[in-house]
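Presented below is the structure to which this report refers.
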Amino acid sequence: MAGNDLQGRRVLAVVTNYGVEQDELVVPVEHLRGNGAEVEIAAVSDEPVQTLVGDKDPGRKVSPTTTLDDADPGPYDLLLIPGGALNADHLRMNGKAVAAVRSFASSGRPVAAICHGPWALVEADVVRGKTMTSYASLRTDVTNAGGRWVDRSVVSDDTGGWTLVTSRTPKDLDDFLRETEAALVTSP
């Protein structure tokens, strides 16, 4: 998409303050903002978010724009859940993050999750009947939660009245961004 095609659209990205995979947060946020969307980054605290590269090497520090406690998921058009094993493992144990996932799914608004990010979806019990992908190690978790796991660069599934966009790794970001934009444009 070019220019301001996402003008007026609002995205909520949920993360912890340590361990989010750098490119799974930074690339979508910069891309969506560059195309006119307003993107809020909600972290556990208002301290800088320390990203990682490959789950081990320090990446960029990103300033959150709000906290999970203060973020009201109601006014947003799409929920973005980046991965990073440490980030995703802690995020799925955060009640506010899990509640945000449930809020989006129950209201018919899209969710876009990449890599380990779908752990929050499993925890929120919203993957039943959905076809999706993720980092390969989540396959059993997705299947046990009632989802159908496939090995594709991106999956967009709108069954159950809401769109779920999922991807495997940062290598799939081009496909992930394309489908995330499509879901955002058609968001209720």
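The values are calculated or read from the model by the stated rules, or taken from the named source; none is laboratory data. A quick note: this is a predicted structure, and the numbers were derived from the prediction, not measured. Note that each Cβ is placed from the backbone with ideal geometry, even for glycine, and that neighbours are counted across all protein chains shown.
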State the number of residues belonging to the stretch 13-56 that are crowded, with 18+ Cβ neighbours inside 10 Å, among the hydroxyl-bearing types (Ser, Thr, Tyr) and part of a loop (DSSP other than H, G, I, E, B).
1
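Anything in the stretch 158-172 that is part of a helix (DSSP H, G or I) and within 17 Å of the chain's Cα centre (by Cα)? List them, or say none. So that I can check it myself, show each step before the final result.
Initial filter on the stretch 158-172 (part of a helix (DSSP H, G or I)): 159-161, 170-172.
Within the stretch 158-172, PRO170, LYS171, ASP172 meet the criteria.
Can you tell me how many residues in the stretch 100-157 are acidic (Asp, Glu), surrounded by 15 or more Cβ atoms within 10 Å (Cβ to Cβ) and in a loop (DSSP other than H, G, I, E, B)? Can you show your working first?
Taking the stretch 100-157 first, the residues acidic (Asp, Glu) are 123, 125, 141, 151, 157.
So of that shortlist, the ones also surrounded by 15 or more Cβ atoms within 10 Å (Cβ to Cβ) come out as 123, 141, 157.
From what's left, in a loop (DSSP other than H, G, I, E, B): none.
Within the stretch 100-157, residues that are acidic (Asp, Glu), surrounded by 15 or more Cβ atoms within 10 Å (Cβ to Cβ) and in a loop (DSSP other than H, G, I, E, B) number 0.
Residue check: is ASP77 surrounded by fewer than 19 Cβ atoms within 10 Å (Cβ to Cβ) and either at pLDDT below 95 or of a type in the set (D, E, K, R) (or both)?
Here the answer is no, as ASP77 does not meet what is asked.
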Can you pull out every residue in the stretch 96-133 that is under 10 Å from the mean Cα position of the chain (by Cα) and over 23 Å from PRO75 (Cα atoms)?
CYS115, HIS116
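Can you name the residue in the stretch 165-188 that is of a type in the set (A, V, I, L, M) and crowded, with 19+ Cβ neighbours inside 10 Å and, of all such residues, is nearest to SER134 (Cα to Cα)? I'd like the intermediate steps shown before the answer.
Applying the first criterion (of a type in the set (A, V, I, L, M)) to the stretch 165-188 yields 165, 173, 177, 182-185.
Right, trim to crowded, with 19+ Cβ neighbours inside 10 Å and you get 165, 173, 177, 183-184.
Working: VAL165: 10, LEU173: 12, LEU177: 15, ALA183: 18, LEU184: 20 Å.
If we take residues in the stretch 165-188 being of a type in the set (A, V, I, L, M) and crowded, with 19+ Cβ neighbours inside 10 Å, then VAL165 is nearest to SER134 (Cα to Cα).
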